Each structure stands twice: as structure tokens, then as C-alpha cells.
Amino acid sequence: MRPSFGVRRYHGPGTTGPDNFSFDSLGILEEWRRTGRPPDQLIVSHYREGKEIGTRLVCQYPRVAIYSGNGNGEDPVHYVCR
């Protein structure tokens with residue numbers, strides 16, 4: 001887990017807590033094994049206080065997800081990995 005910037009919230013796996021992200025890690029590993037290609041990005045579910053509020057784009061290091069400036073910030077289609 002790592003602290004969020006500016007507030008005392010913590011990001012971690014799961015669906016409970018003030019601000020968490022969850023994804024199918026086993027499915028990702030199985031797909032990697034099946035195809036032989038590591039994922040270059042992931043879509044993760046964003047939960048706040050146990051309720052899913054959206055999804056986010058997570059990019060392969062060293063790239064980061066950059067918001068386009070338009071649209072819902074909880075929708076990964078509005079981000080690009082750079």
C-alpha cells in the first residue's frame with residue numbers, strides 16, 4: 001500500500017476501505033502465460049468505501065497514464081499511456 005498525495009488515504013488491493021483498486025491478477029498471469037506477452041497496460045476497478053466508482057488505466061513502467069483533459073476521470077478511455 002502507498003499513501004495518496006495530499007490526503008491520508010491508502011491505496012491497496014481489495015474493495016473495502018476509503019480508496020482501493022482491484023483487478024484480476026490471476027487472469028492477467030494466465031493470459032501472459034498463454035500468449036507469451038506481458039501486459040503493457042491494465043484496467044483496474046476503483047472502489048471507494050466498498051462501492052465501485054469507476055475504472056482506471058495502469059501503464060507498464062516507466063510509462064504513466066495521462067488524462068486527456070476531457071470526459072469522466074473514472075473512465076480509462078480518457079487516458080493514454082506515455
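The values are calculated or read from the model by the stated rules, or taken from the named source; none is laboratory data. Here the structure is a predicted model, which is why all the values come from computation and not from measurement. Positions of Cβ are backbone-derived with ideal geometry, glycine not excepted, and every protein chain shown enters the neighbour counts.
Points to keep in mind about this one:
- Among the residues of this structure, R63 counts as one that is modelled with pLDDT of 95 or more, charged (D, E, K, R) and on the phi < 0 side of the Ramachandran plot.
- Hits in the stretch 7-60 - residues which are more than 22 Å from Y79 (Cα to Cα), among the hydrophobic types (A, V, I, L, M, F, W, C) and at pLDDT below 90: V7
- Some residue of the stretch 49-58 being hydrophobic (A, V, I, L, M, F, W, C), within 13 Å of the chain's Cα centre (by Cα) and surrounded by fewer than 15 Cβ atoms within 10 Å (Cβ to Cβ): yes
- Flag for H78 being surrounded by 11 or more Cβ atoms within 10 Å (Cβ to Cβ) and modelled with pLDDT under 95: no
- Residues in the stretch 11-57 that are of a type in the set (G, A, S) and in a strand (DSSP E or B): S22, S45, G54.
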